[in-house]
Structure formats: structure tokens, C-alpha cells
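Notes follow once the structure below has been shown.
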Amino acid sequence: MKISARNVFEGQVTALSSGPVSAEVEIVTAGGDKLIATITQGSAQALDLAVGKPVVALIKASNVIVMTDHGGVKLSARNCLPGTVEKLVEGPVSAEVILKLAGGAQVFASITREGADALGLKPGSAATAVIKASSIIIGVTD
């Protein structure tokens, strides 16, 4: 299967909290990064999710927010992954930012060119990928 999502993280379910409507799924990737996803209870059941199950987390680059200085601001987004700008590709309207995380994984973000300029992004600078838990799609193989 080929997909358009640029961020594909293989990992394992390390915690699962189920409610009547939704489920919160904690995933630890091969590189040790932790992701929190919220999915419907029906999806959790259809995927037969359980602690220890291998999964794939998919995130579109357009669902990744890049932050350089939180300035003490608290966010509701559950996933804040610190890293270093590995590559910046600037176009006339948008920019692709590739962050390298401590565990070696890459996170791709598609942001506006104006946003990249305002953040002062350049290779080697520190940045954080911010991802809402509801923006993560979980897949399993049969």
C-alpha cells in the first residue's frame, strides 16, 4: 500500500484507555518516541488493539505544527516532539520542514513560508513538532 502521509511511525501499543465513545492509545516507536492518539472506540475494537500490539501511526505533514519557543505557553496538544531542523525546503507559498528527533526518526511538516520565516527556521536549529492526538491515524497489519 502506498499512502500520501509523510509521517509513518512503526511502534507498539504501550497503554490503552477506553471510554464509551473514544479510546486513547499510547504508542512507543522503535526509536523510543511516544505518541498519543485518540480514535473512536469502534476503530479500537475493529483494529483489535491491545497493549503490546504492533501498530503504525500515520500523520499528514499538514497536521504537524512547528514551534520554536513555547515561552511558557501550555498546549492542549498531547504530542510535543522536540528535535532539530534537519532540512528546510522553501517554496513561494509553503515550506517543508524536516525535524530529526532524538531517537533518529524524522518528522515532516508542511507550513507556510511566512511561518517558517517568522520562526527563523534553518538547519541545525531546535524546534518542536506539535501534533494533536486526533490527527494520528492508526493502522495494523493482518
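Counting the residues of the range 106-121 that are within 19 Å of residue 69 (Cβ to Cβ) and surrounded by fewer than 16 Cβ atoms within 10 Å (Cβ to Cβ) gives 6. Out of 72, 103, 42, 124, one residue alone is among the small types (Gly, Ala, Ser), under 18 Å from the mean Cα position of the chain (by Cα), more than 22 Å from residue 3 (Cα to Cα) and surrounded by fewer than 17 Cβ atoms within 10 Å (Cβ to Cβ). It is 103.
Pairing residues of the range 131-142 that are over 12 Å from residue 9 (Cα atoms) with residues that are acidic (Asp, Glu), at Cβ distances under 8 Å and at least 6 apart in sequence or on separate chains, gives 133/24.
Residues in the range 56-69 that are part of a strand (DSSP E or B) and crowded, with 21+ Cβ neighbours inside 10 Å: 57, 59, 66.
Suppose we filter 50, 15, 44 for residues that are out of contact with any helix residue (DSSP H, G or I) (no Cβ under 7 Å at 6 or more places or on another chain), modelled with pLDDT of 95 or more and part of a helix (DSSP H, G or I); which single one remains? Full working, then the answer.
Working: 50 fails: part of a helix (DSSP H, G or I); 15 fails: part of a helix (DSSP H, G or I).
Residue meeting the stated conditions: 44.
If you go through the range 73-108, how many residues are basic (Lys, Arg) and without any contact (Cβ under 8 Å) to a residue 24 or more places away in the chain? The total comes to 2.
Can you name every residue in the range 66-79 that is out of contact with any Leu (no Cβ under 6 Å at 6 or more places or on another chain) and either aromatic (Phe, Trp, Tyr) or modelled with pLDDT of 95 or more (or both)?
Kept after step one, since they are out of contact with any Leu (no Cβ under 6 Å at 6 or more places or on another chain), are these residues of the range 66-79: 66-67, 69-78.
The answer is 66, 67.
In summary, residue 97 fulfils each of the numbered conditions (1) surrounded by fewer than 17 Cβ atoms within 10 Å (Cβ to Cβ); (2) more than 10 Å from the chain's Cα centre (by Cα) with the single exception of condition (1). Criterion applied to 87, 74, 100 was being of a type in the set (Lys, Arg) and within 17 Å of residue 32 (Cα to Cα), and the one residue passing it is 100.
Considering the range 45-54 alone, what residues qualify as being surrounded by fewer than 18 Cβ atoms within 10 Å (Cβ to Cβ), aliphatic (A, V, I, L, M) and within 15 Å of residue 137 (Cα to Cα)?
Residues satisfying the conditions are 46, 47.
Scanning the range 1-28 for residues being of a type in the set (Val, Ile, Thr) and surrounded by fewer than 19 Cβ atoms within 10 Å (Cβ to Cβ) gives a total of 5.
Applying the criterion of being within 14 Å of the chain's Cα centre (by Cα) and exposed (fewer than 15 other Cβ atoms within 10 Å of the Cβ) to the residues of the range 76-93, the residue that is nearest to residue 123 (Cα to Cα) is 82.
Just to verify a result, which residue in the range 29-39, among those that are among the aliphatic types (A, V, I, L, M) and in a strand (DSSP E or B), is surrounded by the most Cβ atoms within 10 Å (Cβ to Cβ)? Steps first, please.
Going through the range 29-39, the residues among the aliphatic types (A, V, I, L, M) turn out to be 30, 35-37, 39.
Narrowing the set further to residues that are in a strand (DSSP E or B) leaves 35-37, 39.
Values: 35: 23, 36: 18, 37: 27, 39: 19.
Selected residue: 37.
When residue 123 is tested against (1) in a loop (DSSP other than H, G, I, E, B); (2) in contact (Cβ under 8 Å) with a residue 40 or more places away in the chain, only condition (2) is not met.
The values are calculated or read from the model by the stated rules, or taken from the named source; none is laboratory data. Keep in mind that what you see is a predicted model, and the values were worked out from it rather than measured. Counting neighbours? That spans all protein chains shown, and the Cβs are built from the backbone with ideal geometry, glycine included.
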